[in-house]
Every structure is written in structure tokens, then in C-alpha cells.
Amino acid sequence: MNIHEYQTKDLLKGYGVPVPQGKVAHTDANAATAAEDIGGERWVVKAQIHAGGRGKGGGVKVAESVDQVRQYADQMIGSSLVTPQTGPEGRLVHRVLVEEASSIVKEFYLGLVIDRATQRITVIASDSGGMEIEEVARKNPERVVREVIDPAVGMQDFQCRKTAARIGLTGKQMSGAVKMMKALYRCFRDKDALLAEINPLALVEDGSLVAVDAKMSFDGNALYKQSDITELRDFDEEDPKEVEATGHGLNYIALDGDVGCIVNGAGLAMATMDAISFHGGKPANFLDVGGGASPEKVGNAFRIVLQDDNVKIILVNIFAGINRCDWIAEGLVQAMKDLDINVPIVVRLAGTNVEQGREILKSSGFPFIMAGNLDDAATRVVDKLKGATP
């Protein structure tokens, strides 16, 4: 789960991370009032969407007057902001963040992620702030610093000092960096975050460090114990299909292909997507119905997948252990009766009650395309697509 920049900054501020003074605004009049309340002579107006690269799309503007703040806010709010991360359709801007403009001397990058290889929180830092860290790592890998944190002892002062020194911070800046890193780590750990990023981390004219921009994302599986974070969720920024799937206990992620996937188990879902890609197809989604999928849950899965107009065929791949193939088959038949399904459906069943499941599908009267194994299923899907394409 992602949150907005202004929400991230409010969260980090509570842990002692220095952030610019700012206020969120939902109208141009609110934005002008916010600028007057903040005071000063220059302000930054930032569109609040869940995507990076806002500056490249015109979503970050420096205003020299309150009237300019009003003007920029009016331009942004209600418009679709297109950035390198949104796709050509862009994201609708519902609010802006108005902040005091910082006098930046030097920009750095500071982030925390969970390294899957070491299964530990890892600090990533660079003296190349304001840029995408992936781009820095690709072009100048020597400028990216990594420090792995031992969960038994937590982040140590010497690790913070070593990281700060390697990106060129000394003296007063060093002590400020240590405090900021430890505060960021506490927030990351306490809130079950997956990513915490300050970019840029700015050295300003008075010699202090300020988090000029920041973002965080959180482990969806831990939200049940993070009620304060859950309250920050902005459903307008999420795919409606993904939101609905969550409500039905389904794990769904939309992709840009044309093969709808309904699978039980995250690992099998990934393997299914790989098999489709291997044979020349493109998955339209990741969807895991879970280990105890009822017929009702299968029907909901079909309904959500079919909301994607790009889906031309559906592959159902079930390896039943805790689950049962006859349950899945009953769900498939019920979905065909209840929904207006006009795309081919390829089904591969294996595991518990597989023969009963196949018999239910065979005697249903619906044109299910049965497959013997995953490779056969993926081949049938792609062959069917090619046959249907002029």
C-alpha cells in the first residue's frame, strides 16, 4: 500500500525527520491560503498522486507569489498528470501540497528497502539525489552505497556514520544524517514498511539536512495491525478491480496483456504467467484465489478479470491440495450461468477430486477447453489467440 507525499512527511515528522513546512490543499483558494499561512516569498506546489517523476510531467512548480500558487494549484487540481510512471492515461490530481521553498545547496538520496536476498532491511544512499536510484545504479554503480542492518541489534550509529561519510557528509551534517537515518529506520520498522525513500535529501543553506521529498509503501499483509496506516489509504489512486478483489479475499494485480489468469497459489500464479509469456502470450493480470477458494470466490474472480476489456481469453489453472477441483468446477459452471462470458476459457485441473471436477465441467454443456498440464494449457491459450486474430 502506498501513501501520498504529504502523508509520508507527516509520518516522518512524528519520528523527528526534518521536513519543509507545508499544507495540503484541495482547491486553488485553499492553496493560496496555505501559502499565506506558511509565509515567505517562494513556495513549491506539488501534485499529490501515487507516481514518481511528477516534475517531468509538470506536477511540481515553484511559485514566486501567492497568486502564482493559486494559478499552479488551479492548473493541477482536476487535471490528469502524465509522468513516466503513470502511463499515457495519467492520474487525476485531487489535491496539491504547498510547501515553503528550500534553498538547496546539495541533493542526496536516502532510502530503506527490504533486501530479499539477505532478508534484512538495507540502507541505500547516494550523493546523486533528485534522480531515480535505479538510473544512478545503472550508470554509476560506484555512487550507490548499501548497508545491511542486522535485525538482532537494529541500526547502529557506526553504520549511519559510515553511510554518511561515503556520500560526502561531514561535521554537523554527519550528526544530522545519523539522527535522520535512525528516525527513518524506526518508522520503517514500526510501521511494517516495504520502502521508505527520501529523494532528494537536501543540504540547505544553514547547513542542515531536510527531507524535501519522501515516499513510503507498506506491507499489505501487515495492515491488520497498522490501523493508522490503513486510514491513509487513498482508493482513488488504486485500480478499482484491485480494491474490489481485496474485499473478496483475492490477490489481484492488473497487467497490460490479454490473457486473464485465475490461479490458486502465488507461486503457481507466477509460474502460469511465465508459461504464458514463454509461449508468446501476455498475461492480463496476476490473480490468486487462495487455498480455500469457494465457488462464490471463483465467481468473483471471473467477474473481476472480465472487467478488463483487454482480456480475450481466460486460463484457469488449479492445483488442488487444501482446495478441491470439484469446488472450482462448480464455481466455473456457476460463473458461466451468472455472467455474460463471451471469451474462451482454458481449464487445467490437478489434485484433490480432479476427476469429479473434470466430470462437472464436461457435463455442464459449456465449451470449456480442457488442458492436461500447465504447458499444454499455455500452448492452447496462445494457439487460440492466434487463431482468433485476423
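Observations on the structure shown:
- Packing, as the average of other Cβ atoms within 10 Å across residues, places the peptides 19-28, 70-79 in the order 70-79, 19-28, highest first.
- Using alpha carbons only: equivalent-ellipsoid semi-axes of the stretch 239-388, gyration tensor based, whole Å: 19, 18, 15
- Scattering curve values for the chain, log₁₀ I(q)/I(0), Debye with Cα scatterers, q = 0.08, 0.14 Å⁻¹: -0.55, -1.15
- Taken along the Cα-to-beta-carbon direction at a fixed 7 Å, the label points for Ala101 and Lys139 span 2.5 nm.
- For the stretch 239-388, the relative contact order works out to 23 percent when only alpha carbon pairs closer than 8 Å and six or more residues apart are counted.
- FRET efficiency, Phe235 to Asp383 (Cβ-Cβ, R0 56 Å, nearest 0.05): 0.90
- Between Ser277 and Asp219, the FRET efficiency estimated from the beta carbon spacing at R0 = 25 angstrom works out to 0.40.
- Highest mean packing comes first when the peptides 322-335, 82-95 are listed by Cβ atoms within 10 Å, giving 322-335, 82-95.
- Classification of the stretch 62-164 by its C-alpha gyration tensor yields a prolate form. The axis ratio a/c (a ≥ b ≥ c) is 1.5 or more, and a/b outweighs b/c.
- Counted over all Cα-Cα pairs of the stretch 174-228, pairs farther apart than 17 Å make up 44 percent.
- Within the straight-line cut-off of under 12 Å between alpha carbons, the aspartates and glutamates reachable from Lys162 are Glu147, sequence neighbours fewer than 8 places apart in one chain being disregarded.
- Neighbour-limited loop hits for GluC sites (Glu not before Pro), the stretch 231-306 (at most 11 other Cβ within 10 Å; DSSP other than H, G, I, E, B): Glu231
- Mean Cα-pair separation over length for the stretch 120-226, i.e. relative contact order, pairs under 8 Å, 6 or more apart, %: 21
- Set of the stretch 216-238 residues, backbone N closer than 13 Å to the point 7 Å along the Cα-Cβ line of Ala266: 219-223
- Theoretical ellipticity at 222 nm over the chain - DSSP helices of four or more residues, -39500 (n - 2.57) apiece, nearest 500: -11000 deg cm²/dmol
- The packing ranking, built from the mean of other Cβ atoms within 10 Å per residue, places the peptides 352-358, 258-264 in the order 258-264, 352-358, highest first.
- Normalised by residue number, the volume inside the convex hull of the Cα atoms of the stretch 21-101 is 69 Å³ per residue.
- Extension gain (nm, one decimal) between Leu194 and His94, 0.36 nm per residue minus Cα-Cα: 33.5 nm
- Percent RCO, i.e. relative contact order, over the stretch 21-101, from Cα pairs under 8 Å lying at least 6 residues apart: 44
Only the coordinates and a few stated rules stand behind these numbers; no lab work does. From a predicted model like this one, the values you see are computed outputs, not experimental measurements. With ideal geometry, Cβ positions are generated from the backbone for all residues, glycine too; neighbour counts draw on all protein chains shown.
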